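S.K.: Quick one: the structure is below, and I'll ask about it shortly.
What follows draws every value from the coordinates through simple rules; no lab data is involved. Treat the numbers as computed from the prediction; the structure is a model and nothing was measured. Virtual Cβ from ideal backbone geometry, glycine too; neighbours counted across all protein chains shown.
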Amino acid sequence: MDEQGNYQFYLGPRPKAAQNIFEKHRSLIEKGKIEKSEVIKKIRQFYAKDRGQSIVKEILENLKSVTINY
């Protein structure tokens, strides 16, 4: 947060790449064409392969844009 209490960036509940997997399948879940549990499996496979690298990358990218006033 900045000095006025405004967020300088926001990290969601999951990294963008994992969220994209969910968003890609959202309409299929809503239409009943795929089970949500199958999408969760895909997201877990992403996490297993990624090993947290996307989260670290997003944090570092966001920190570069932060203005710090001392």
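S.K.: Can you give me the relative contact order of the chain as a percent, contacts being Cα pairs under 8 Å and 6 or more apart?
M.R.: So the answer I get is 41 percent.
S.K.: Still on this structure, please answer the following. How big is the chain in terms of Cα radius of gyration and Dmax, in angstroms?
M.R.: For the chain, the Cα-based Rg and Dmax read 16.1, 54 Å.
S.K.: Want the number for residue 47 to residue 26: 0.36 nm per residue separation, take away the alpha-carbon distance, what's left?
M.R.: Length gained, residue 47 through residue 26: 5.7 nm.
S.K.: Give the residue list of GluC sites (Glu not before Pro) in segment 1-66 that are DSSP loop and have at most 16 other beta-carbon atoms within 10 angstrom.
M.R.: When the GluC sites (Glu not before Pro) of segment 1-66 are filtered for loop state and at most 16 Cβ neighbours within 10 Å, 3, 35 remain.
S.K.: Continuing with this model, one more query. Counting other Cβ atoms within 10 Å, keep those with at most 11, restrict to DSSP loop, and tell me which trypsin sites (Lys or Arg not before Pro) in the chain are left.
M.R.: 31, 33, 51
S.K.: So what's the angle, to the nearest 10 degrees on a 0 to 90 scale, between helix 53-64 and the longest Cα principal axis of the chain?
M.R.: 30 degrees
S.K.: Just the Cα atoms of segment 29-70: what Rg and Dmax do they give in Å?
M.R.: 16.7, 54
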